[in-house]
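The values are calculated or read from the model by the stated rules, or taken from the named source; none is laboratory data. Keep in mind it's a predicted model, so treat the numbers as computed, not measured. Using ideal geometry, Cβ is built from the backbone for each residue, glycine included, and neighbour counts are taken over all protein chains shown. Quick note on the areas: whole protein, heavy atoms, side chains included, nothing else; ligands and nucleic acids left out. Shrake-Rupley method; radii C 1.70, N 1.55, O 1.52, S 1.80 Å.
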Amino acid sequence: MRLLDSKLYKADLEKAVKKADLEKLDGKSIFITGGLGLICSAVIDVLLTYGNVKKIYVGARDETQFFERFGEIDKLSFVKYDALEKLQIDFIPDYIIHGAGLASPELYTSMPVETILSNLNGIHFLLEFAKKNNIKKILYISSSEVYGNKETIESFVEGKYGIINIDNIRSSYSIAKRASEMLCKSYSQEYGVNTTIVRPGHIFGPSARKTDKRISSDFAFKAAKGIKLEMKSSGLQKRSYCYSIDCSIQILYALINGVNGDVYNIGHDKITTVREMAEIYAKAGGVKISSVSPTESELNDFNPMNNSSLDNTKIKKLGYSDTFTVEEGLTHTVKIIKEINCF
Ligand SMILES: NC(=O)c1ccc[n+]([C@@H]2O[C@H](COP(=O)([O-])OP(=O)(O)OC[C@H]3O[C@@H](n4cnc5c(N)ncnc54)[C@H](O)[C@@H]3O)[C@@H](O)[C@H]2O)c1
């Protein structure tokens, strides 16, 4: 069963889309890279539910996976896309969203070169294309990890930063995100390319692939399968957990309403700890939580930020408001995974 066949997922998409104002996208075409990933495949689901866009070009490496995920849908076209290679496309979309890239901590440390280049080269080729073809807007999906570490408890506001350890190979991710953001701003200022950047916090949802090892995906599949959840830290880290559908609406608001060259945090009104996230999943799946010591390599992959909570005031000024509570999002994620029997 495909994700889009899930009754609960469809109901959630319809609820969010009904509340959102996406009219500026009517009749427009969009090229979305990373279109099979957790975030961008949910953006595509939202756009399909909205229904009024003309065409969605889905940039991804694997055509078989594309058909498994979406099937045959008139408005969708598969576009063979690898962010590490020179861009070769034969259409000119109105909008571009760059969401392709290595996005899991174990990959930042095992494939730091591809982590850097899928972001930096990927966005560079797209920015060049946007410059030559006068694209309406190109949106880059950055990350809350650009903020780095800080000791204080308040949430991160756009423009105020902590420290990133540039001697740690795991920082390949956060440094690539910072450099790619700066490239967007530079194309905007020097060549007038219309760009906007978003910085998601911790996004979860049933659009994750079952091979996704990030804790908020891994725990969702385990809870749905009835497997106990193993906590490998105190779980006190503060996160801006956000359901993929709410995240998608924020991305689309930034795309159509965001200021040229500007950056927007993507999160939720409520800040959630890792333990709270696990407890909600455990309840939804009827499973227990246990404490386990991490291996050395797991420790190296850990997000060094104890507090990566985000202030979401700026995106809300573009008209956005959350549709789902974090608890609803997490609970629905487990229910939907069970419903489509995808584990
Ligand atoms: N999920 C989150 O919590 C989160 C938080 C902050 C930022 N982000 C960013 O959002 C974007 C999307 O992340 P996601 O969570 O959907 O991750 P994901 O891993 O689910 O999706 C990323 C997609 O990019 C593809 N990809 C990787 N390298 C590629 C390449 N060289 N060429 C083409 N495709 C490639 C992957 O196959 C995958 O389909 C990433 O840039 C990520 O860094 C995600």
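Can you tell which of Ile32, Ile135, Ile123 shows the greatest fluctuation in a Gaussian network model of the chain with Cα springs below 10 Å?
Ile135
Along each principal axis of its Cα atoms, how long is region 201-317 end to end? Whole angstroms, biggest number first, please.
The Cα atoms of region 201-317 stretch 45, 27, 24 Å along the principal axes, largest first.
Run the simple label-point estimate for Thr64 and Arg209 please: 7 Å along Cα→C-beta, distance reported in nm.
Placing both labels 7 Å beyond Cα along the Cβ direction yields 1.2 nm.
Across region 285-295, in residue order, what do the Karplus-derived ³J(HN,Hα) couplings come to in whole Hz, using 6.51 cos²θ - 1.76 cosθ + 1.60 with θ = phi - 60° and x for Gly and Pro?
x, x, 10, 9, 10, 10, 9, 9, 6, x, 6
Among Val274, Val58, Val292, whose mean-square fluctuation peaks in a Gaussian network model of the chain (Cα, cutoff 10 Å)?
Of Val274, Val58, Val292, the most mobile in the Gaussian network model is Val292.
Among the GluC sites (Glu not before Pro) within region 1-81, which fall in a DSSP loop and have no more than 15 other Cβ atoms within 10 Å of their own Cβ?
Sites meeting the loop and neighbour criteria: Glu72.
Which value, in Å², gives the accessible area per residue of region 1-44 when a 1.4 Å probe is used on the protein heavy atoms?
I get 42 Å² per residue for region 1-44.
Just how much of Tyr147 is accessible, in Å², when a 1.4 Å probe is used and the result is rounded to the nearest 10?
Approximately 0 Å² of Tyr147 is accessible to the 1.4 Å probe.
I'm checking a number: the convex hull volume of the Cα atoms of the chain, normalised per residue, in Å³. What is it?
Value for the chain: 122 Å³ per residue.
In debye to the nearest 20, how big a dipole does region 100-185 give about its Cα centre with +1 on each Lys and Arg Cβ and -1 on each Asp and Glu Cβ?
With only Lys, Arg, Asp and Glu charged at Cβ, the dipole is about 480 debye.
Of all DSSP beta bridges in region 1-133, what percent run antiparallel (nearest 5)?
Roughly 0 percent of the beta bridges in region 1-133 run antiparallel, per DSSP.
May I have the extent of the alpha carbons of region 269-343 along their three principal axes, as whole Å values ordered from largest to smallest?
Computed over the Cα atoms, the extents are 42, 35, 19 Å.
For region 115-183, report the % of Cα-Cα distances exceeding 15 Å.
The answer is 58 percent, as a whole percent.
Along the charge dipole of region 80-133, pointing to its positive end and built from +1/-1 on Cβ of Lys, Arg, Asp and Glu, which listed residue (Gln88, Ser104, Ser118) has its Cα farthest out?
After comparing all options, I get Gln88.
With the calculation restricted to Cα positions, what are the radius of gyration and Dmax of region 1-92 in angstrom?
13.3, 40
Over region 276-343, average the accessible area per residue using a 1.4 Å probe and give it in Å², no decimals.
49 Å²
Leaving ligands, DNA and RNA out of it, report the carbon-plus-sulfur percent of the accessible area of the chain at a 1.4 Å probe.
Roughly 50 percent, rounded to a whole number.
In the structure shown, do any of Lys136/Lys338; Lys150/Lys185; Lys10/Lys160; Lys185/Lys213; Lys136/Lys213 have a Cα-Cα gap over 30 Å, and if so which?
Where the Cα-Cα span goes over 30 Å, the pairs concerned are Lys136/Lys338; Lys10/Lys160; Lys185/Lys213; Lys136/Lys213.
At a probe radius of 1.4 Å, what is the per-residue accessible area of Thr331, in Å² to the nearest 10?
In the full protein context, Thr331 sits at about 30 Å².
How much area per residue is accessible in region 197-241 when the probe is 1.4 Å and only protein heavy atoms are counted (Å²)?
Spelled out: the 1.4 Å probe surface of region 197-241, per residue, equals 38 Å².
Expressed as cubic angstrom per residue, what is the convex hull volume of the alpha carbon set of region 1-159?
162 Å³
So what are the ³J(HN,Hα) numbers for region 73-90, from phi and the Karplus equation (6.51, -1.76, 1.60; θ = phi - 60°), rounded to whole Hz, Gly and Pro as x?
Once rounded to whole Hz, the list reads 10, 3, 6, 9, 10, 6, 10, 5, 9, 10, 5, 7, 10, 4, 6, 10, 10, 10.
If Asp269, Asp262, Asp212 are ordered by their accessible area, calculated over protein heavy atoms with a 1.4 Å probe, which sequence runs from highest to lowest?
Asp269, Asp262, Asp212
If you stretched the chain out fully between Leu318 and Ser186, how much longer would it get, using 0.36 nm times the residue separation minus the C-alpha to C-alpha distance?
Taking Leu318 through Ser186 to full extension adds about 45.2 nm, to one decimal.
With n ≥ 4 as the cut-off for DSSP H runs, can you work out [θ] at 222 nm for the chain, using -39500 (n - 2.57) per run divided by the number of residues, rounded to the nearest 500?
Result for the chain, helices only: -13000 deg cm²/dmol.
Using the Karplus curve 6.51 cos²θ - 1.76 cosθ + 1.60 with θ = phi - 60°, what ³J(HN,Hα) values do you get for each residue of region 234-241, in whole Hz, with x for Gly and Pro?
Running phi through 6.51 cos²θ - 1.76 cosθ + 1.60 with θ = phi - 60° gives 5, x, 8, 4, 8, 10, 9, 5 Hz.
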